[in-house]
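Q: What follows is a single structure, and I will ask about it in a moment.
The values are calculated or read from the model by the stated rules, or taken from the named source; none is laboratory data. What you see is a predicted model; the values in this text were computed from it and never measured. Backbone-built Cβ (ideal geometry, glycine too); neighbour counts: all protein chains shown.
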Amino acid sequence: MDNNRYLFRGKRTDNGKWVVGSYCYSPDFPITIFGEDELGRHGIEVDHATIGQCTGMSDISGEDVFEGDIIESHLGGQVLALNMLVNYGTHQAYCPADKCYMDSVGFYVSAQGYPDMPIGPLEDYAKVIGNIFDNPELISN
C-alpha cells in the first residue's frame, strides 16, 4: 500500500464534480475535502453521502480504487459477468484455522447472491467500471 490510502473523494455540493484530497470534518463547518481544482488547493464542500476512502490500491489500469467504486473481475484473463461494489466496514470473513466466519473490519467487495469478500491484490484482477453514485445500474438488484 502507498500513501493513496489516506485520500478521500466526494462530490462537490456546488457542481456535482468529484474532488479527491484530504478529508476534514468539523461540527462548525460543512463536510470538506481539501483538494485541488481550477482555483488551486483549498477546502471544497462535498456531499457527505458520497465520501469514500481510497483503498490504497490501484486496478489493472493503474486507477486508484475507492470505497463506492464498482469493479469487474478480470480473473484469469476473462471478464466475469459479475460486478462488485467496494465497501469499507464490518463484514464476515472465513477463518480457516477456527473453521468459522468471524467479523472483520476493512475493505471488502459485495455482489448480489455472493458472500462479502475481502479485497485482494486489485491490480491483478479488478477494473473500475464506475461507482455507485454515478452508475447504480451497474449493480444488479
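Q: Looking at segment 52-108, which of its residues are more than 27 Å from TYR23 (Cα to Cα), in contact with a helix residue (DSSP H, G or I) (Cβ under 7 Å, 6 or more places away or on another chain) and of a type outside the set (Gly, Ala, Ser)?
A: HIS74, LEU75, ASN83
Q: Let me ask you something else. Take the residues of segment 87-121 that are of a type outside the set (S, T, N, Q) and touching a Ser or Thr at 6+ places or on another chain (Cβ under 7 Å): which is modelled with the highest pLDDT?
A: Ranking the qualifying residues of segment 87-121, first place goes to PHE107.
Q: Would you please name the residue that is farthest from the chain's Cα centre (by Cα), looking only at residues in segment 111-123 that are in contact (Cβ under 8 Å) with a residue 60 or more places away in the chain and surrounded by 12 or more Cβ atoms within 10 Å (Cβ to Cβ)?
A: In this case the residue turns out to be GLU123.
Q: Kindly check whether there is at least one residue in segment 21-37 that is surrounded by fewer than 16 Cβ atoms within 10 Å (Cβ to Cβ), on the phi > 0 side of the Ramachandran plot and of a type outside the set (D, E, K, R).
A: no
Q: Moving on to the next point. Of these, ILE70, ILE60, which one is at negative phi, in a loop (DSSP other than H, G, I, E, B) and among the β-branched types (Val, Ile, Thr)?
A: The conditions single out ILE60.
Q: Going through segment 49-86 one residue at a time, which ones are at pLDDT below 90 and farther than 17 Å from MET117 by Cα?
A: GLY76, GLY77, GLN78, VAL79
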